[in-house]
Amino acid sequence: MLRPDLRGVGQSAGSLVSMGYYERQDREACIAWLRERGYKRIGAHGMSMGAATLCFAMKDTPGLDFAVVESSFDTFKHAIDRRLELVYLPHVIGWPFEAAMCLRLGVSMRGLSPLEYVSYCTCPALFLCGDSERFLTVSDTQTMFDRCGSEKKKLHVFMGGHHRTSMNTFPEESRRVLREFLNEKAGYAIP
């Protein structure tokens, strides 16, 4: 198992965080590194910005055996609006930040939306979220699931789940859901 930090996050160097857009290059490098070492079956599990990164990379790096997209924002606008709502600020406050971010990154608002890239997913895909998340809604995840290009996909909502990795919060349910997904959709035989 390879568990990298994305650039500018965790213990990795870098100061520019692009909400997963440029971090996708890190994901692509991880896949290449694993392939160079002879790994044939490679899946990816991303949580929050890592899940957005996974979606952004689907267009340029197909060939995963499976993808687990956990608690990803669907659009950059929703990601900003949801955070403003938490502190009771109007969405209009986010417009200058959104414009500045797009200008700094050289990407349009539409380009900063994982929703625009998830349709390129052709591998089996599992979408996870909690029904009590503060940064996104179940409908955001449902929209991502609906737009996903894979014919082998599954959506699971953790009742009482917040914006934390499900493996830490719901370990037994997470293992069961992942095992069922890998067996039913990705062709594994995990007891």
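Among 102-108, 161-167, sorting by the average number of other beta carbon atoms lying within 10 angstrom of each residue, highest first, gives 161-167, 102-108.
Within a straight-line Cα-Cα reach of under 18 Å, Lys152 can be paired with the following lysines, leaving aside sequence neighbours fewer than 8 residues apart in one chain: Lys59, Lys185. Apolar share of the accessible surface for the chain: 55 percent from carbon plus sulfur atoms, 1.4 Å probe. Over the stretch 1-129, all Cα pairs binned in 5 Å intervals from 0 give whole-percent P(r) values of 2, 11, 19, 22, 20, 14, 7, 3, 1, 1, 0, listed from short to long. The HN-Hα couplings worked out from phi for the stretch 116-130 by the Karplus form 6.51 cos²θ - 1.76 cosθ + 1.60 (θ = phi - 60°) are 6, 10, 5, 5, 7, 6, 10, 7, x, 9, 10, 10, 10, 7, x Hz, whole numbers, x standing for Gly and Pro. Under 13 Å of direct C-alpha separation, and excluding same-chain neighbours fewer than eight residues apart, Lys154 reaches these aspartates and glutamates: Glu70, Asp146, Glu180, Glu184. The local environment of Ala186, defined by Cβ-Cβ distances under 11 Å, has a net charge of +3 under the rule Lys, Arg +1 and Asp, Glu -1. For the chain, the longest principal axis of the Cα atoms and the long axis of helix 94-105 meet at an angle of about 60 degrees. Heavy atoms of the protein chains alone define the surface here; on that basis the chain has 53 Å² accessible area per residue at 1.4 Å probe size. Once backbone amide H atoms are built at 1.01 Å from N, Ala125 has Ala67, Lys152, Lys153, Lys154 as its partners under 5 Å, excluding neighbours fewer than 5 places away on the same chain. Rg of the Cα atoms in the stretch 67-186, relative to 2.2 N^0.38 Å, amounts to 1.15.
What aspartates and glutamates sit close enough to Lys77 to cross-link, taking a C-alpha to C-alpha distance under 16 Å and skipping anything fewer than 8 places away on the same chain? By straight Cα distance, Lys77 reaches Glu85, Glu98, Glu116, Asp140.
The values are calculated or read from the model by the stated rules, or taken from the named source; none is laboratory data. Computed from a predicted model, the values in this text were never measured in an experiment. Cβ atoms come from the backbone with ideal geometry, glycine included; neighbour counts cover every protein chain shown. Surface areas here come from the heavy atoms of the whole protein model, side chains and all, with no ligands, DNA or RNA. Shrake-Rupley method; radii C 1.70, N 1.55, O 1.52, S 1.80 Å.
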